[in-house]
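What follows is one structure encoded as structure tokens, with my remarks underneath.
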Amino acid sequence: MRSTMSRYRRSRTGSTFFFTLVSFRRHPILCLPPIRSALRRAIEDVRQSRPFTIDAWVLMPDHLHCIWTLPDGDTDYSARWAIIKSSVSRFALVSTVSTGARNPSRIKHRDASIWQRRFHEHEIRDDRDFERHMDYIHFNPVRHGHVASAVDWPYSTFHRYVKSGVYPADWGGTPQVEAMWIE
């Protein structure tokens, strides 16, 4: 275990959630520049009217994981994700990321071909749960074989945590790290 675990403990007055969102039919489009740009813009826009803190993030080609903390008394993450997903679909150059034809159900529900309709959420219970999900997020690119070490993946908050001393730069390149969150 890292000696910096206590650095995860922070004042979290609102509810903290772990999320997984997946691209439509798992097409590897989420790291493409138009999608990344649209996602960044959508998140910035939503945070203006519905604030939240991004505690951790990793963007993978076909999915993303993140941890958010919402303001005290606010648990409406669904509305935030609905707005973000809709905005990404509008902002992104969808024609450059063809993911196939939309079926009648997707047309009826006004779904674009970028996202799967649903997402997974988990309320973070305590510091240990927070730590495990942070490690899971930051190790994900290694686990999926995209890089040999967490520091090599550019679309992650791992770099922020290395700068603040939570993770050493060489963390996340060994099988022992994966064992920490698979117990």
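So the values come out like this:
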{"quantity": "Test result for Asp45, out of contact with any Leu (no Cβ under 8 Å at 6 or more places or on another chain), among the acidic types (Asp, Glu), modelled with pLDDT of 95 or more and open to solvent by 10 Å² or more (accessible area, probe 1.4 Å)", "calculated": "yes"}
{"quantity": "Yes/no for Gly73 being more than 16 Å from Ser86 (Cβ to Cβ), part of a loop (DSSP other than H, G, I, E, B), open to solvent by 30 Å² or more (accessible area, probe 1.4 Å) and small (Gly, Ala, Ser)", "calculated": "yes"}
{"quantity": "Residue in region 55-74 that is modelled with pLDDT under 95 and of a type in the set (Ser, Thr, Tyr) present", "calculated": "no"}
{"quantity": "Residue tally, condition at pLDDT 80 or above, over 16 Å from Leu21 (Cα atoms) and surrounded by fewer than 14 Cβ atoms within 10 Å (Cβ to Cβ), over region 77-108", "calculated": "1"}
{"quantity": "Region 117-148 - residue that is in a loop (DSSP other than H, G, I, E, B) and touching a Ser or Thr at 6+ places or on another chain (Cβ under 7 Å) and, of those, least open to solvent (accessible area, probe 1.4 Å)", "calculated": "Ile124"}
{"quantity": "Residue in region 173-181 that is exposed (fewer than 14 other Cβ atoms within 10 Å of the Cβ) and modelled with pLDDT of 95 or more present", "calculated": "no"}
{"quantity": "Qualifying residue in region 151-159 (condition: more than 22 Å from Cys31 (Cβ to Cβ), open to solvent by less than 40 Å² (accessible area, probe 1.4 Å) and either in contact with a Leu (Cβ under 8 Å, 6 or more places away or on another chain) or modelled with pLDDT of 90 or more (or both))", "calculated": "no"}
{"quantity": "Asp111, sole failed condition from (1) surrounded by 18 or more Cβ atoms within 10 Å (Cβ to Cβ); (2) modelled with pLDDT of 95 or more; (3) in a loop (DSSP other than H, G, I, E, B)", "calculated": "(2)"}
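The values are calculated or read from the model by the stated rules, or taken from the named source; none is laboratory data. Computed from a predicted model, the values in this text were never measured in an experiment. Virtual Cβ from ideal backbone geometry, glycine too; neighbours counted across all protein chains shown. Surface accessibility is based on the protein's heavy atoms, side chains included, excluding ligands, DNA and RNA. Shrake-Rupley method; radii C 1.70, N 1.55, O 1.52, S 1.80 Å.
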